[in-house]
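Down below is the structure, laid out as structure tokens.
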Amino acid sequence: YVAAVYEHESILSPSPAALVERRSALELMGRNLDIYEQQVLAAARQGAQIIVFPEDGIHGFNFTRSSIYPYLDFVPHSHSGKWNPCREPYLFNDTEVVQRLSCMALKNKMFLVANLGSKQPCERTDPRCPADGRYQYNTDVAFAADGALLATYRKHNLYFEFAFDTPPQPDYAFFDTPFAGKFGMFTCFDILFFEPAVNLIRQYHLKQIVYPTAWMNQLPLLSAVEFQQAFATAFNVNILAANIHHPTLGMTGSGIYTPVKSFIYHNMESYGGKLIVAEIPVITTGYKTNLEKTPGRVSEKGKEQSPPSFYAEMMYDNFTFVPVWGKKGELQVCANTLCCYLNYQRAVLTDELYALGVFDGLHTVHGTYYVQACALVKCGGLSFSTCGQEVTDATALIDFQLWGNMSTPYIFPLLLTSGITLDFADHMGWKNNYYFLSKNRTSSGLLTAALYGRWYEKD
């Protein structure tokens, strides 16, 4: 099928904390929706059957709970397919944004997914009802090609979004299409957690995901395109990921991903939006995911004298590293119950320092979640203290086999090359209780090769 995602440079309110009238909120959002309209048309001309827009693309961010209120639409929750906002605008008040999106879908005969702020009045008798008498949600909406509202999803894992509430239970949101079956839907930070993302995919056997996001890149392990691809690979799904484009905030990185191929956009240099349109195969349920453990053998060669280990901070976590010296070798580094192993061979010895790092613990900065990671990374400079820094360019071509005795089945294989481009492993998967990732000759210099494990039970 042909899919489109749009990385949008949103027109932002100059003073998001200021209180404004609904009318001026609609005026600002209208300017973003004008751009959306042009992009839906452009995507339609290229044969797209579905288009996805980013999180916060219409209203922006940095609001307070009260300053965002004029920007919120009323969105009836789980009104699946029974309401067509474009054709029945009179059914509910304060639905101007929803109406415009519905009309874009209808006019271009295209499925459309977008993100907006929504409001829901609540009764004083509801013990969870906020003092102002309403719930405010970060909401995704999906429309059919005839403009019908098919599904809504209220973001569950909020990322410092004080203007919004968390829904009482996680929403499991998905909708059906004639061209690729069911699509699941979740937002940004959700991708790192079991609820609802992983549970949704497993429970409903989903193979296609739409994913609005407003993601701040964090190298070496959590750049947007890097993690989006790893997620598609780990769960054997297609992901249509639309990010916001604000390089000054470190926000870029969208794509259309299959488990073995990607069409991506990552651009920290220039401004303006970007439309990606690509044809991808429909994944049928017959595929095996990388989460199933398969029997096999690990060769435990005699360990040579390992180089000295050292500590350095990476992604706000205290990693234990060993330097990757010389043209080839075998390394091992352990922390808690996790041991990481590396066999490597460099094509040419360059003056770049690489290190093999391990972390097995609770990550506590900008969210709390348990990580098990084995990571081969290029360091920022030549001293140990630079390992774990954000690096975007590399020249070293390294053949490697990386493996670890991971305690969780949820392993996201990361493979990032110079200039924030993606590469694909030759082999990956389980043998006994080890997860393996191997690659001969990356397409360009290696930035990161990592096994990023999420041990959800220990969050």
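The values are calculated or read from the model by the stated rules, or taken from the named source; none is laboratory data. Not measured: the values here are computed from a predicted model. Every residue, glycine among them, receives a Cβ derived from its backbone with ideal geometry; neighbour counts consider all protein chains shown. Just the protein is used for accessible areas: all its heavy atoms, side chains included, with ligands, DNA and RNA removed. Shrake-Rupley method; radii C 1.70, N 1.55, O 1.52, S 1.80 Å.
Compute the signed sum of charges (Lys and Arg +1, Asp and Glu -1) over the other residues within less than 13 Å, Cβ to Cβ, of ASN238. Around ASN238, the surrounding residues sum to +2. With the simple model of a label 7 Å out from the Cα in the direction of the Cβ, ALA347 to ALA17 spans 5.2 nm. The residues of region 310-458 expose on average 37 square angstrom of accessible surface per residue, using a 1.4 Å probe on protein heavy atoms. For region 2-279, the Cβ-based charge dipole about the Cα centre amounts to some 420 debye (Lys, Arg positive; Asp, Glu negative; other atoms uncharged).
Would you mind checking LYS82/LYS107; LYS327/LYS439; LYS119/LYS182; LYS155/LYS261 for any pair whose Cα atoms are more than 22 angstrom apart? Beyond 22 Å: LYS119/LYS182; LYS155/LYS261. For the pair GLU313 and MET268, the difference between a 0.36 nm per residue extended length and the Cα-Cα distance amounts to 13.8 nm.
How much length would be gained if the chain were fully extended between THR64 and HIS205, taking 0.36 nm per residue of separation minus their Cα-Cα distance, in nm to one decimal? Intermediate results must be reported in sequence, preceding the final value.
Numbers: separation 141, 0.36 × 141 = 50.76 nm, distance 3.76 nm.
Roughly 47.0 nm would be gained on extension.
Put simply, when 224-233, 383-392, 410-419 are sorted by average Cβ atoms within 10 angstrom per residue, most first, you get 224-233, 410-419, 383-392.
State the percentage of accessible surface on the chain attributable to carbon and sulfur atoms; use a 1.4 Å probe and exclude ligands, DNA and RNA. Here carbon and sulfur together make up 52 percent of the probe-accessible area. Extension gain, THR337-ASP393: 0.36 nm per intervening residue step, less the Cα-Cα distance, totals 16.9 nm.
Highest average first, the peptides 28-41, 133-146 ordered by how many other beta carbon atoms sit within 10 Å of their residues are 133-146, 28-41.
Placing a label point 7 Å from the Cα of ASP126 along the Cα-to-Cβ direction, the residues of region 37-76 whose backbone N falls under 20 Å of that point are 65-76.
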